[in-house]
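*Asks:* Handing you a structure now.
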Amino acid sequence: MTVHFIGAGPGDPELITVRGRRLIETCSVCLFAGSLVPKEVISFAPKDAIVVDTAPLDLDEIIRIIADQHSLGKNISRVHSGDPSLYGAISEQIRRLKNLKIDFEITPGVPAYAAAAATLGQELTLPGISQTVILTRTSMKSSKMPEGEELFKLAATGATLAIHLSIRNLRFIRREIEPYYGLKCPVVIIYRASWPDQKIIKTDIENMVDAARREKITRTALILVGSVLENQDFEDSALYDPIRPHLLRNKRT
């Protein structure tokens, strides 16, 4: 049997992939992080499935459950929020499964930054403005940032920033990015993107700390920074330019 790591998406249960839902609907055992995965997603599991909230468990306890249930021939769904490839903490689980010679597969999910952009009704890349999106975080109490990935170095690129897991570090963020973006650069803070209690705070670098404090945002928020936000002064993409042919369209005069 196979252990399936499944991305639940950002929050809205309708944003889980068709494959992800099918795997949950047919599993014998469902492990999920109760603090981040909506109950509606877990309700897709069969009524007789073993459902375990892993929020209070450590890595050894999680792997022990997986190994025990796998030895019984159970089909296991391990459900993570968003997309497991981004801050999903699946690598250490996968390493243990490989050592135990337990097969696994990964089903991607919709990441929070994509849900946030959809909610804002815009792209995160615009011709002539920014063609790069940097997904990052700040250290705080979690793993240190590797050398060369310090926020001020990333900010020096001028790219669109999607800063995760850092809402309590806004003063540091403002200090690190202001020299490169300026105080009036747009910032959008999205609390619990796509959840029913979602909040969107539109501000700028100068006022971002006070804006988050007023709304009492202290966790589960994404910070978007960049000139692409609410920018209508951009060039049309060359993709649909009638005078620029490509493989599927001839040049038009």
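Only the coordinates and a few stated rules stand behind these numbers; no lab work does. Model, not experiment: these values are computed from the prediction. Note that we place each Cβ from the backbone using ideal geometry, even for glycine, and neighbour counts take in every protein chain shown.
*Asks:* Put +1 on the Cβ of each Lys and Arg and -1 on the Cβ of each Asp and Glu in the stretch 3-107; which of Q69, A89, G11 then has its Cα farthest toward the positive end of the dipole?
*Replies:* Value computed over the given set: Q69.
*Asks:* May I pose another question? Return L154, L59 ranked ascending by Cβ neighbour count within 10 Å, so the fewest neighbours appear first.
*Replies:* On the way: L154 20, L59 13.
Listing L154, L59 from fewest to most nearby Cβ atoms yields L59, L154.
*Asks:* Now for a separate question. In the stretch 3-107, what percentage of the DSSP-assigned beta bridges are antiparallel, given to the nearest 5?
*Replies:* Antiparallel: roughly 5 percent of the beta bridges in the stretch 3-107.
*Asks:* How far apart, in nm, are the 7 Å Cα→Cβ label points at S142 and D197?
*Replies:* Distance between label points: 2.0 nm.
*Asks:* Roughly speaking, what is the stretch gain from N207 to L36, that is 0.36 nm per residue apart minus the C-alpha to C-alpha distance, in nm to one decimal?
*Replies:* Between N207 and L36, full extension yields an extra 58.7 nm.
*Asks:* If one takes the longest principal axis of the Cα atoms in the chain, at what angle in degrees, from 0 to 90 and to the nearest 10, does the Cα axis of helix 170-181 lie?
*Replies:* Roughly 40 degrees, rounded to the nearest 10.
*Asks:* Then there's this: Decide, for the stretch 54-172, between rounded, prolate and oblate: order the square roots of the alpha carbon gyration tensor eigenvalues as a ≥ b ≥ c, take rounded if a/c falls under 1.5, and otherwise choose prolate if a/b is larger than b/c, else oblate.
*Replies:* prolate
*Asks:* Something else: Amide H neighbours of L165 under 5 Å, at least 5 residues apart or on other chains, H built in the peptide plane: list them.
*Replies:* A221
*Asks:* Taking 45 Å as R0, compute the FRET efficiency from the Cβ-Cβ separation of E61 and E230 and round it to 0.05.
*Replies:* Result of the calculation: an efficiency of 0.50.
*Asks:* Give me S43, S139 ranked fewest to most by other Cβ atoms within 10 Å of their Cβ, as a rough exposure proxy.
*Replies:* Lowest to highest Cβ neighbour count: S43, S139.
*Asks:* Please figure out what share of the DSSP beta bridges in the chain is antiparallel and state it in percent, rounded to the nearest 5.
*Replies:* 45 percent
*Asks:* While we're looking at this one, here's another question. Is the chain best put as rounded, prolate or oblate by its Cα gyration tensor, with a ≥ b ≥ c the root eigenvalues, rounded for a/c under 1.5, and otherwise prolate when a/b is larger than b/c, oblate when not?
*Replies:* prolate
*Asks:* Could you work out the relative contact order of the chain? I mean the mean sequence separation of Cα pairs under 8 Å and 6+ apart, divided by the number of residues, in percent.
*Replies:* 19 percent
*Asks:* Based on alpha-carbon centroids, what's the gap between the stretch 210-232 and the stretch 44-115 in Å, whole number please?
*Replies:* First find each Cα centre; the distance between them is then 31 Å.
*Asks:* Something else about it: Pairs of Cα atoms under 8 Å, at least six residues apart: use those to get the relative contact order of the stretch 3-107, whole percent.
*Replies:* 43 percent
*Asks:* So, one more: Could you work out [θ]222 nm for the chain from helices alone, using -39500 (n - 2.57) per DSSP H run of at least four and dividing by all its residues? Round to the nearest 500 deg cm²/dmol.
*Replies:* -7500 deg cm²/dmol
*Asks:* Which value, in debye to the nearest 20, gives the size of the charge dipole of the chain about its Cα centre, when Lys and Arg are +1 and Asp and Glu are -1 at the Cβ?
*Replies:* With Lys and Arg at +1 and Asp and Glu at -1, about 180 debye.
*Asks:* What order, most packed first, do the peptides 22-33, 124-135 have when packing is the mean number of other Cβ atoms within 10 Å of each residue?
*Replies:* Put in order of decreasing packing, that is 22-33, 124-135.
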